[in-house]
1. List the residue pairs whose Cβ atoms are under 8 Å apart, where the first residue sits in region 20-43 and is in contact (Cβ under 8 Å) with a residue 24 or more places away in the chain and in the same structural domain as Leu8 (by TED's automatic domain parsing), the second is assigned to a helix (DSSP H, G or I) and surrounded by 11 or more Cβ atoms within 10 Å (Cβ to Cβ), and the two are 6 or more positions apart or on different chains.
2. Condition first: exposed (fewer than 11 other Cβ atoms within 10 Å of the Cβ), closer than 30 Å to Glu79 by Cα and of a type outside the set (Lys, Arg). Now tell me which residues in region 11-41 satisfy that.
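The values are calculated or read from the model by the stated rules, or taken from the named source; none is laboratory data. Model, not experiment: these values are computed from the prediction. Positions of Cβ are backbone-derived with ideal geometry, glycine not excepted, and every protein chain shown enters the neighbour counts.
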Amino acid sequence: MPTTTPNLGLKKPLGHEVFNRQAYNENLDLMDQNAAKKTVLAEHLAETMPHKFTDTGTGKTYRWGLKVTSGIPTMVYEEV
C-alpha cells in the first residue's frame, strides 16, 4: 500500500509496487486542486503591499511589500 505525502496527501508507491495510472491521475487532480489559481497570483503580484503585520510592541498594523528600484529590492510599508 502506498504512503502519502504530509501536505497534499499524494500517493507515493513503495519500491516493490507497480505503477498505477489511476493513482497517478489522482495525484495530478490533487495537485491541480491545491495549486494557486492564476488569477489569485496575478492579483497578489498587482498589489504593491499585499502583506500585513502587527507590531506587538505598539499594537499598530502595517501593510508591506517589496519593490525593485535600479535592480535593488527594497521593503516598503505603511501604517493602516
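1. If the second residue must be assigned to a helix (DSSP H, G or I) and surrounded by 11 or more Cβ atoms within 10 Å (Cβ to Cβ), no pairs are left.
2. Across region 11-41, the qualifying residues are Ala36, Thr39, Val40.
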